[in-house]
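Written out below as structure tokens is the structure these notes cover.
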Amino acid sequence: LTLAVAQLWLVFQEAGEVDFAEIAQRAVRALGDEQAPTDLALALDYRIRHLLVDEFQDTSPAQVRLIAGLTRGWQEGDGRSLFLVGDPMQSIYRFRKADVGLFLKVRDQGIGDLQPTRLRLFRNNRSAPHLVDWVNQAFPAIFPPADDPLYGAVAYTAAVPTRPAETAAGAFFHPLFPAPEADGDRCEARCLLDLITAARRHRPDGSIAV
């Protein structure tokens with residue numbers, strides 16, 4: 001690994017650029033640690049009053065260490081605030097070392113010396129009620145029964161629809177069984193085109209996403 005790191009640095013120097021992981025690691029190192037904070041860490045401690053992090057369910061260990069470093073020494077009631085927002089059910093699992101288990105740990109145990117207040121949103125303002133109800137019925141059996149930070153397991157949390165009901169809205173299955181000698185891709189494309197055509201007849205002014 002030592003040789004691999006050295007070789008990687010040669011590649012970085014030749015290219016004049018670094019990758020995403022290197023940027024994250026250098027940001028963490030630039031802050032120092034609790035016993036020896038850097039001048040940069042002390043300067044940022046005076047400048048940063050509020051820190052807002054979106055899509056927190058897709059954070060990596062390095063990113064969590066960076067947040068902990070930026071908020072090191074913060075105390076409840078000192079006028080500074082940390083706001084983290086995310087939905088663990090939307091985690092994209094391991095992309096750039098993202099670990100949804102970190103979301104669960106911070107939610108339950110806090111980060112650094114901070115213990116954020118947990119607020120759970122359950123209103124669905126996007127989808128039609130029939131679709132929300134179908135998802136609420138189907139997904140509890142698909143998701144794990146309970147949260148488990150170690151394995152990155154996230155239990156399903158039901159939502160409450162807020163939009164008015166819409167005619168013909170919901171989830172529908174369209175099974176396709178082409179004959180063995182048929183071109184399966186063409187049959188699927190034809191079926192999809194027929195569904196889109198029918199949908200446009202019912203909702204000529206509506207948009208269709210595929």
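The values are calculated or read from the model by the stated rules, or taken from the named source; none is laboratory data. What you see is a predicted model; the values in this text were computed from it and never measured. Reconstructed Cβ throughout: ideal geometry from the backbone, glycine too, with neighbour counts over all protein chains shown. Accessible surface is based on the protein model in full, side chains and every heavy atom, while ligands, DNA and RNA are left aside. Shrake-Rupley method; radii C 1.70, N 1.55, O 1.52, S 1.80 Å.
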Scan of region 159-207 for residues that are farther than 30 Å from D87 by Cα, open to solvent by less than 100 Å² (accessible area, probe 1.4 Å) and charged (D, E, K, R), ordered by number: D183, D194
List every residue pair whose Cβ atoms lie under 8 Å apart, where the two residues are 6 or more positions apart in sequence or sit on different chains, the first residue falls within region 196-210 and is part of a helix (DSSP H, G or I), and the second residue, located anywhere, is open to solvent by 60 Å² or more (accessible area, probe 1.4 Å). I196/I208; I196/V210; A199/I208; R200/I208; H202/A168
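Kindly indicate the residue of region 9-21 that is of a type outside the set (V, I, T), free of Cβ contacts under 8 Å to residues at least 12 places away in the same chain and outside any loop (DSSP other than H, G, I, E, B) and also most open to solvent (accessible area, probe 1.4 Å) among those meeting that condition. Spell out the reasoning first.
Residues of region 9-21 that are of a type outside the set (V, I, T), as a first pass: 9-10, 12-17, 19-21.
If we keep only those that are free of Cβ contacts under 8 Å to residues at least 12 places away in the same chain as well, we get 9-10, 12-17, 19.
This time we only want the ones that are outside any loop (DSSP other than H, G, I, E, B), so: 9-10, 12-15.
Working: W9: 81, L10: 84, F12: 19, Q13: 128, E14: 157, A15: 59 Å².
Of everything passing the filter in region 9-21, E14 is most open to solvent (accessible area, probe 1.4 Å).
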Which one of these does D39 not meet: (1) charged (D, E, K, R); (2) open to solvent by less than 70 Å² (accessible area, probe 1.4 Å); (3) more than 29 Å from Y93 (Cα to Cα)? (2)
Identify, please: which residue in region 62-97 is under 29 Å from F143 (Cβ atoms) and over 16 Å from the mean Cα position of the chain (by Cα) and is, among those, least open to solvent (accessible area, probe 1.4 Å)? I67
May I ask you to say which residue of V132, V100 is under 17 Å from A146 (Cα atoms), at pLDDT 90 or above and buried (at least 18 other Cβ atoms within 10 Å of the Cβ)? V100
Answer yes if at least one residue in region 62-81 is over 26 Å from A21 (Cβ atoms), without any contact (Cβ under 8 Å) to a residue 12 or more places away in the chain and either hydroxyl-bearing (S, T, Y) or not in a helix (DSSP H, G or I) (or both), and no otherwise. yes
Can you spot a residue in region 178-194 that is of a type in the set (D, E), in contact with a Pro (Cβ under 9 Å, 6 or more places away or on another chain), assigned to a loop (DSSP other than H, G, I, E, B) and at pLDDT 90 or above? no
Residue hits (region 104-114; within 22 Å of M89 (Cα to Cα) and not hydrophobic (A, V, I, L, M, F, W, C)) are K105, R107, D108, Q109, G110
Go through (1) among the aromatic types (F, W, Y); (2) in contact with a Leu (Cβ under 6 Å, 6 or more places away or on another chain); (3) open to solvent by less than 50 Å² (accessible area, probe 1.4 Å) one by one and return the number of the condition F143 breaks. (2)
Here the residues within region 116-126 that are in contact (Cβ under 8 Å) with a residue 24 or more places away in the chain and surrounded by fewer than 18 Cβ atoms within 10 Å (Cβ to Cβ) are P116, R120, F122, R123, N125, R126
Can you find, within region 107-132, the residue that is farthest from L70 (Cα to Cα) among those that are in contact with a strand residue (DSSP E or B) (Cβ under 7 Å, 6 or more places away or on another chain) and assigned to a helix (DSSP H, G or I)? P129
